[in-house]
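Please treat every number below as a calculation from the coordinates, not as lab data. No experiment lies behind these values; they were computed from the predicted model shown. Neighbour counts run over all protein chains shown; Cβ positions are idealised from the backbone, glycine included.
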Amino acid sequence: MQWWRDAVVYQVYVRSFSDSDGDGVGDLEGIRSRLGYLELLGVDALSLTPFCTSPMVDHGYDVADPRAVDPVFGDLDTFDALVADAHRHGLRVTIILVPNHTSNEHEWFRAALESAPGSPERARYHFQPGRGTDGSTPPNDWTSEFGGPAWTRVQDPDGGAGEWYLHLFAPEQPDLNWTNPEVWADLEKTLRFWLDRGVDGFRIDVAHGMCKPADLTGSAPEVRFDHDDVHDVHRMIRAVLDHYPGRMIVGEISVGDDARFARYVRPDELHLGFHLRLARAPFEADAVRAAIEGSLAAVAAVEATPTWTLSSHDVPRPVTRYGGGPAGVARARAMALVGLALPGAVHLYNGEELGLPDAELPDAVRQDPVRDRSGPTRPGRDGCRVPLPWEGGPPGYGFTDGDPWLPMPDAYGRLTVAEQLEDTTSTLSLIRRALELRKTHPAFTGRGIEWYGAPDGCLAFRRDGSTLVCALNASAEPVPLPPGDVLLTSGPLVDGDLPPDTAAWLV
Ligand code: BGC
Ligand code: MG
């Protein structure tokens, strides 16, 4: 059963969702205690950010053991209980895997450091001698996504200056060598480990990463990502999943080009592709329409399912992105209705349903390595990772009985789950209603859309073979609604017109 084709998948940033033991860090038991909320919200599946053993330099995206739970998040028994309970609540559980790199504390990397250049231990990563007579210049000029060079020099076991290793992210995240069969075998083992425990699928982090050009010396082309060989890795992953009916893989694919993107969701590769194109579009009708058209055309070419997302743990939250304040909230609500009206799967990021803005954080509490590695020229991603407010007030807002790992802003007091459940005009009430209609209303059919003519700065589309119309007013003036009965609006209509920063569903 291809349940993912119109699923709403809710990304849980495990550190920030709910803390059961008062250490200020969210955990698996915390998620387990909130399953009733997720059922009430009406999502179909969870996508858990990495919770495996990790020194947490990149908050779990630096995995030291991909088949063990980090003690800060719980243990395997808690994980099994979470999956069983989620299934009882009608929720599927998917987890995020990070196959591009490991932690520098992974036993393989430790062994690599203790072994000589040219050894099988080093061959699981990308070790290279440096350039120049003393080897003090990195093997090539690649930069890391987090800033600075993508290479770090190690000391040889005898104490002398040694080779360099490749890391496209932080130095604590050495890239694996995907020409090494051991690396493939280990991922397959990890996939089966979690599939056998009952997970319903995976989200593959940096799915456009993994494979690199054969020659990483100075003349290496600037193709750090989207190497053609990566598709063989996805075919392997898919072949494993095909032995487990009803399981899904979605890839986080960051490639600029729609045609290149489509290659990842060919029939024998990933079921779904996740990208941030709609999330990165400004709140302008033309930009939103271009993002939707490009994404639909890409997947249509390979008969794949579209996947939409407005938010993740890597980008500022929609409310903030769209300008903050009341206009930011109104626009985020409007865009949520646009995303949920489109055919295909939707990924929500925890807190999106509450209309949370990014938290403004003092530099001293910021933790994302992006900040320091970039100079700092970038603030890092902590602002969208602040824990969720459940009820009550500071410091923990029901997220924790202790001190939250990032301070939660005063503004979150009005945005708690408890407050919003009581308020029929809240963002939470809007999203619940939208998810309910999406699931139960017969107009949500059809795999494509047809665009309607719309006033300047506005857009309107209809689902193929259906009467469902979604209209968005991103202009500065109220506009008449398209014909039809109003099913839901993201904010109040004004004299029957659709005001600025508002969207409507009609049938
Ligand atoms: C994840 C980031 C992470 C990076 C390195 C990205 O795709 O979404 O949060 O820092 O991969 O693992
Ligand atoms: Mg905890």
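Can you compute 3J(HN,Hα) from phi for each residue in the range 198-213, using the Karplus curve 6.51 cos²θ - 1.76 cosθ + 1.60 with θ = phi - 60°, rounded to whole Hz and x for Gly and Pro?
Per-residue couplings from phi come out as x, 5, 8, x, 9, 10, 8, 6, 6, 5, 9, x, 6, 7, 10, x Hz.
Could you please state, rounded to a whole Å, how far the C-alpha centre of the range 292-311 is from the C-alpha centre of the range 352-380?
Spelled out, the Cα-based centre of one part sits 30 Å from the other.
Kindly express, to the nearest 10 degrees and within the range 0 to 90, the angle between helix 325-341's C-alpha long axis and the longest C-alpha principal axis of the chain.
The angle comes out at about 90 degrees.
Applying a 10 Å radius around every beta-carbon, put 142-151, 336-345 in order of their mean neighbour count, most first.
Working: 142-151: 19.2, 336-345: 23.4.
Output ranking for 142-151, 336-345: 336-345, 142-151.
Rounded to whole Å, give me the distance from the Cα center of the range 195-213 to that of the range 41-62.
Result: 13 Å between the Cα centres.
How big is the antiparallel share of DSSP beta bridges in the chain, given as a percent to the nearest 5? All intermediate terms of the calculation are to be shown ahead of the outcome.
Working: 31 of 57 bridges.
Beta bridges within the chain, antiparallel portion: roughly 55 percent.
Collect residues whose amide H, placed 1.01 Å from N in the peptide plane, falls under 5 Å from the amide H of Trp405; neighbours closer than 5 in sequence don't count.
Distant-sequence amide H within range of Trp405: zero hits.
Might you report the magnitude of the Cβ-based charge dipole of the range 5-44 about its Cα centre, with Lys and Arg at +1 and Asp and Glu at -1, to the nearest 20 debye?
Values: 4 positive and 8 negative charges, 30 e Å.
Magnitude of the dipole: close to 140 debye.
Per residue of the range 488-500, what does 6.51 cos²θ - 1.76 cosθ + 1.60 with θ = phi - 60° give for ³J(HN,Hα)? Whole Hz please, x for Gly and Pro, Karplus curve as stated.
Using θ = phi - 60°, the values come out as 6, 10, 7, x, x, 6, 10, 6, x, 9, 8, x, x Hz.
So, in nm, how far is label Ala327 from label Asp423 when the simple model puts each one 7 Å beyond its Cα toward the Cβ?
Label-label distance for Ala327 and Asp423, simple model: 2.1 nm.
Can you give me the angle between helix 427-440 and the longest principal axis of the chain, using Cα atoms only, in degrees from 0 to 90, rounded to the nearest 10?
Once rounded, the angle reads 90 degrees.
Using a cut-off of under 15 Å, list every residue of the range 206-239 whose amide N is near the label point 7 Å from the Cα of Asp141 along the Cα-to-beta-carbon line.
Residues 217-224 fall inside that zone.
Using amide H atoms built in the peptide plane, which far-off residues or other-chain residues are under 5 Å from Leu488 H to H?
The answer is Trp505.
Report ³J(HN,Hα) in whole Hz for each residue of the range 50-67, in order, from the Karplus equation J = 6.51 cos²θ - 1.76 cosθ + 1.60 where θ = phi - 60°; Gly and Pro get x.
3J(HN,Hα) across the range 50-67, in whole Hz: x, 10, 7, 3, 7, x, 6, 5, 10, 6, x, 7, 10, 8, 8, 8, x, 10.
Helix 285-301 against the longest principal axis of the chain: what's the angle in degrees, Cα atoms only, rounded to the nearest 10?
Taking Cα atoms only, the helix is inclined about 60 degrees.
If amide hydrogens are placed 1.01 Å from N in the peptide plane, which non-local residues have theirs closer than 5 Å to the one on Cys52?
The answer is Asp70.
Would you work out the charge dipole size for the range 122-202 about its Cα centre, treating the Cβ of every Lys and Arg as +1 and the Cβ of every Asp and Glu as -1, and quote it to the nearest 20 debye?
Values: 7 positive and 13 negative charges, 17 e Å.
The calculation lands at about 80 debye.
Assuming a ≥ b ≥ c are the square roots of the Cα gyration tensor eigenvalues, decide whether the range 449-506 counts as rounded (a/c under 1.5), prolate (otherwise, with a/b larger than b/c) or oblate. Mind dumping the intermediate values first?
On the way: a/c = 2.15, a/b = 1.39, b/c = 1.55.
Because a/c hits 1.5 or more and a/b fails to exceed b/c, the range 449-506 counts as oblate.
If R₀ is 51 angstrom, what is the calculated FRET efficiency for the pair Ser119 and Glu303, using the beta carbon separation as r and rounding to 0.05? Spell out each step's value before the answer.
Details: r = 46 Å, r/R0 = 0.89.
The pair Ser119/Glu303 has a calculated efficiency of 0.65.
Decide, for the chain, between rounded, prolate and oblate: order the square roots of the alpha carbon gyration tensor eigenvalues as a ≥ b ≥ c, take rounded if a/c falls under 1.5, and otherwise choose prolate if a/b is larger than b/c, else oblate. Can you show the working numbers first?
On the way: a/c = 1.74, a/b = 1.55, b/c = 1.13.
It comes out prolate by the Cα gyration axes.
Just name one of Val12, Ile292, Tyr125: the one whose Cα is farthest towards the positive end of the charge dipole of the chain (beta-carbon charges, Lys/Arg +1, Asp/Glu -1).
The Cα lying farthest towards the positive end belongs to Ile292.
Please report, in debye to the nearest 20, how large the charge dipole of the chain is about its Cα centre when each Lys and Arg carries +1 at its beta carbon and each Asp and Glu carries -1 there. Intermediate values should be presented prior to the final figure.
Values: 45 positive and 75 negative charges, 240 e Å.
The dipole magnitude comes to about 1160 debye.
Given only helices, namely DSSP H runs of n ≥ 4 each adding -39500 (n - 2.57), what is the per-residue ellipticity at 222 nm of the chain, to the nearest 500 deg cm²/dmol? Mind dumping the intermediate values first?
Details: 15 runs with 138 residues, N = 507.
It lands at -7500 deg cm²/dmol.
Positive end of the charge dipole of the chain (Lys, Arg +1 and Asp, Glu -1 on Cβ, about the Cα centre): tell me which of Leu168, His234, Ala214 has its Cα farthest that way.
His234
Using mean Cβ contacts within 10 Å as the protection proxy, how do 351-358, 316-323 order, highest first? Write down the numbers at each step before the final one.
Details: 351-358: 24.8, 316-323: 22.5.
Listed from highest to lowest mean packing, they are 351-358, 316-323.
Distance from the Cα centre of the range 1-37 to that of the range 393-442, in angstrom?
If you average the Cα positions of each part, the centres end up 14 Å apart.
Please work out whether the range 1-154 counts as rounded, prolate or oblate from its C-alpha gyration tensor, where a ≥ b ≥ c are the square roots of the eigenvalues and a/c under 1.5 means rounded, while otherwise a/b larger than b/c means prolate and anything else oblate? Please report the intermediate quantities before stating the final value.
Details: a/c = 2.74, a/b = 2.33, b/c = 1.18.
Taking the square roots of the gyration eigenvalues as a ≥ b ≥ c, the range 1-154 is prolate.
Given a Förster distance of 45 angstrom, what is the FRET efficiency for Arg260 paired with Arg197, based on the Cβ-Cβ distance and rounded to 0.05?
Numbers: r = 34 Å, r/R0 = 0.75.
FRET efficiency, Arg260 to Arg197: 0.85.
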